[in-house]
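Every number in this text was worked out from the coordinates using simple rules, so none of it is lab data. Being a predicted model, the structure only gives us computed values, none of them experimental. Neighbour counts are summed over all protein chains in view; Cβ atoms, including those assigned to glycine, are modelled from backbone coordinates with ideal geometry.
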Amino acid sequence: MIIEINNESINELDNFINTIVDKNYLKNEFNNNNFFKVLINIKDNEIIGYLYYYEIYERIEIEYIFTKKEYRRQKIASELLTKIVDKNKPTTLEVDKENIPAICLYKKYNFKNYAIRRNYYKNGHDAYLFGLEKKMI
Ligand SMILES: CC(C)(COP(=O)(O)OP(=O)(O)OC[C@H]1O[C@@H](n2cnc3c(N)ncnc32)[C@H](O)[C@@H]1OP(=O)(O)O)[C@@H](O)C(=O)NCCC(=O)NCCS
């Protein structure tokens, strides 16, 4: 089941076996950015995946998507990403050039590689700028 968490409902996270979501990080983002949004994937009362994104009027930036290790390759990220794709808005994200699982995931949903961002990550890795084109309005 996918639910959306916002600043008002953040304490609902305490109802779940919460091992992968950092509540303080979320609180901070909600307080500092009007556009920050959170989707979480729940199974048997446990948070097994999440997707953080910014919905900035007509466009979306995906900040991070994560599936708990033992639930990978079971379409948990797909369920989350589908919620974003279904919004039908132009969507961008950066992905580590070496992150094959994530690259394959985005390609499956028709994201295209628009640019390389050299030294994007602190570890020196490059990133691809991926985008999903949609009609702007
Ligand atoms: C990337 C990640 C979110 C994928 O989550 P997931 O729940 O396992 O993904 P899904 O089961 O929905 O997979 C959907 C598709 O993604 C691709 N994919 C996922 N994992 C893959 C892997 N290890 N190798 C190749 N392709 C993979 C496949 O195309 C897959 O479709 P298929 O299973 O029908 O072949 C997960 O590996 C993860 O949490 N990684 C660590 C965090 C991370 O790197 N996030 C991305 C930041 S940009």
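What's the total number of residues in segment 54-100 that are assigned to a strand (DSSP E or B) and away from the ligand (no atom under 13 Å from the Cβ)?
5
For segment 27-40, how many residues are buried (at least 16 other Cβ atoms within 10 Å of the Cβ) and either closer than 22 Å to Thr82 by Cβ or acidic (Asp, Glu) (or both)?
Qualifying residue count for the region: 6.
For segment 101-116, what are the residues that are in a loop (DSSP other than H, G, I, E, B) and either over 16 Å from Ser78 (Cα atoms) or β-branched (Val, Ile, Thr) (or both)?
None - no residue of segment 101-116 is in a loop (DSSP other than H, G, I, E, B) and either over 16 Å from Ser78 (Cα atoms) or β-branched (Val, Ile, Thr) (or both), so the list stays empty.
Considering only residues of segment 41-53 that are within 12 Å of the ligand (Cβ to nearest atom) and either outside any strand (DSSP E or B) or not polar (S, T, N, Q) (or both), which is surrounded by the most Cβ atoms within 10 Å (Cβ to Cβ)?
Gly49
Tell me which of these Asn99 doesn't satisfy, since it passes every other one: (1) under 11 Å from the mean Cα position of the chain (by Cα); (2) surrounded by 14 or more Cβ atoms within 10 Å (Cβ to Cβ).
So the condition that Asn99 fails would be (1).
So which of Leu80, Leu93 is closer than 30 Å to Asn15 by Cβ and in contact (Cβ under 8 Å) with a residue 60 or more places away in the chain?
Exactly one residue qualifies, and that residue is Leu80.
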